[in-house]
Amino acid sequence: MQDGQIAVGNALTLAITTAGFNLNSFCYEHYKFCKKVLSGGIKKDTLFVYICEMDEEDDIWKPENWAKSNPLQLWNEDDTLNEAMIGRMAEKAIDAKEKQGAELTNFLTKSLNRWVTATEDKYIDVEKWVECGNEKTIDEMRGRECYIGIDLSSGGDLTSIALIFPAEKVYVWTISFIPERRLLEHESTDNAPYRQWVQAGYLLLTSGLYGIKTDYQRIIYVMRQIIEAYDLKVIGCGYDEHNISGILSDLEEILPCDLTLVTQSAKSLNDATVDFQLSVKAGLVEYDKRNQLLTWSMVNAALTANSFGEVKVDKVKATNRIDVVDAVIDVWKIYIMKKNEGKKLEGEDALNMWVKILEEE
């Protein structure tokens, strides 16, 4: 549809729907995207969004809240509630509360315009994440101690590097790479403005290996330049073992610190994943709010859990690139490990720590 509108000077595509329960549908994907636009997590000036729904904390059984989902039907022109329509909805609500099952699903979707999901698996509270943003740049971190996290791609996907700078609020800075001849392909499949992020400097193009495969030597070169240009004192590095073998010796040469393999399992990543999530919620994280690639990755990240309830960011489930988040979690694990090194653990706490270390090994 959009391709066919190229020649139209002022084209408009209008879409309207009610919520449902098919979470594999385009409508649900578009709903989630629109919510991120409204929250400020994603910027898209050409999209106007209007969603009629309750706030998350609203009681679904209170009639006074129903008007948020049904403004045209339940509000009169004199700003009073339409009691007759409220009465009809109340009958449906009674059936839904008593019978549950299909009746409840129907009430939630068709009467309250609420998508029915089995679990809430989003990772980051988008509003809290947006509140953590400011206009600090890496230039203000000059001469500081930092940790590095590396998530290398396979083939021609995104490769991301995350730096965190410990302080009262931990500053998070990221840079990503993509082969230049894969840019337009990923822009189409991911529905993401990669060219804008290239122009903004948060995504770098690599031209080595014919611009199709990941150019690891270019990435090593940029890492060295960043460390030297800002006189950074790297005190720890965490990396994903996938695709790292070819450049591990190069990393050891440019990084004056221990390189720590971060196992990509829920057992290994749970503590770091949860700690970062809570740190964002508590406002203890800050980042450059102009880095829309970082924010896009954060708001698209979803969680998966193992049978023990341990969680990690789900690489398989997420339809959008979350490589930036993976790099942040890798470095966050090293950060909290180093932060806890000096703490004296006794009794059961010490035993649990050693059990966890041995299990990971």
Practice task
Give the residues of the range 253-299 that are within 19 Å of the chain's Cα centre (by Cα), free of Cβ contacts under 8 Å to residues at least 24 places away in the same chain and outside any loop (DSSP other than H, G, I, E, B), sorted by residue number.
Solution key: Leu278
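So, of the residues in the range 34-55 that are closer than 23 Å to Gln196 by Cα and free of Cβ contacts under 8 Å to residues at least 12 places away in the same chain, which turns out to be surrounded by the most Cβ atoms within 10 Å (Cβ to Cβ)?
Lys44
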Problem - Checklist (1) outside any helix (DSSP H, G or I); (2) basic (Lys, Arg); (3) modelled with pLDDT under 90 applied to Arg181, failing item - result: (1)
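Kindly indicate the residue of the range 184-221 that is of a type in the set (Asp, Glu) and in a helix (DSSP H, G or I) and also nearest to the chain's Cα centre (by Cα) among those meeting that condition.
Asp190
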Problem - Boolean, Ala167 is over 17 Å from Asp326 (Cα atoms), at pLDDT below 85 and part of a loop (DSSP other than H, G, I, E, B) - result: no
Problem - Subset of the range 244-302 (residues that are farther than 13 Å from Gly133 by Cβ, in contact with a helix residue (DSSP H, G or I) (Cβ under 9 Å, 6 or more places away or on another chain) and of a type in the set (Gly, Ala, Ser)) - result: Gly246, Ser265, Ala266, Ser268, Ala272, Ser279, Ala282, Ser297, Ala301
Completion exercise
In the range 231-247, anything part of a loop (DSSP other than H, G, I, E, B) and either under 17 Å from Trp332 (Cα atoms) or out of contact with any Cys (no Cβ under 6 Å at 6 or more places or on another chain) (or both) is listed as Asp231, Asp240, Glu241, His242, Asn243, Ile244, Ser245, Gly246, Ile247
Handout entry: Criterion (open to solvent by 50 Å² or more (accessible area, probe 1.4 Å) and of a type in the set (Val, Ile, Thr)) met by exactly one of Thr105, Thr80, Thr109
Key = Thr80
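Confirm whether Tyr28 is under 26 Å from the mean Cα position of the chain (by Cα) and touching a residue at least 24 places away in the same chain (Cβ under 8 Å).
Taking the combined requirement at face value, the residue satisfies it.
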Practice task
Specify which of the listed residues (Ser245, Ser297) is open to solvent by 50 Å² or more (accessible area, probe 1.4 Å) and within 20 Å of Leu152 (Cα to Cα).
Solution key: Ser245
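Looking at this structure, is Lys312 in contact (Cβ under 8 Å) with a residue 40 or more places away in the chain, assigned to a helix (DSSP H, G or I) and among the basic types (Lys, Arg)?
On the way: in contact (Cβ under 8 Å) with a residue 40 or more places away in the chain: yes; assigned to a helix (DSSP H, G or I): no; among the basic types (Lys, Arg): yes.
No: the conditions fail for Lys312.
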Completion exercise
Those residues of the range 284-305 which are of a type in the set (Phe, Trp, Tyr) and at pLDDT 90 or above amount to Tyr287
Problem - Within the range 146-168, tally of residues that are out of contact with any helix residue (DSSP H, G or I) (no Cβ under 8 Å at 6 or more places or on another chain) and either loosely packed, with under 15 Cβ neighbours inside 10 Å or over 18 Å from Ile254 (Cβ atoms) (or both) - result: 4
Fill in the blank from the handout: Of the residues in the range 135-164, those that are among the aliphatic types (A, V, I, L, M), under 21 Å from Ala200 (Cα atoms) and outside any strand (DSSP E or B) come to Ile138, Met141, Leu158
Practice task
Answer with yes or no whether Leu74 is within 30 Å of Ala301 (Cβ to Cβ) and surrounded by 10 or more Cβ atoms within 10 Å (Cβ to Cβ).
Solution key: no
Exercise for the section: Tell me, yes or no, whether the range 117-139 has at least one residue that is within 25 Å of the chain's Cα centre (by Cα), farther than 30 Å from Thr304 by Cα and of a type in the set (Ser, Thr, Tyr). Expected result: yes
Practice task
Inspect the range 321-342 for any residue being under 25 Å from Lys169 (Cα atoms), modelled with pLDDT under 60, open to solvent by 70 Å² or more (accessible area, probe 1.4 Å) and of a type in the set (D, E, K, R) and give the result as yes or no.
Solution key: no
Practice task
Look at Ser176 and say whether it is open to solvent by less than 10 Å² (accessible area, probe 1.4 Å), over 17 Å from Asp231 (Cβ atoms) and outside any strand (DSSP E or B).
Solution key: no
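The values are calculated or read from the model by the stated rules, or taken from the named source; none is laboratory data. Bear in mind the structure is a predicted one, so any value in this text is a computation, not a measurement. Glycine also receives a Cβ, built like all others from the backbone with ideal geometry; neighbour counts cover every protein chain displayed. Only protein heavy atoms, including side chains, enter the accessible area calculation; ligands, DNA and RNA are left aside. Shrake-Rupley method; radii C 1.70, N 1.55, O 1.52, S 1.80 Å.
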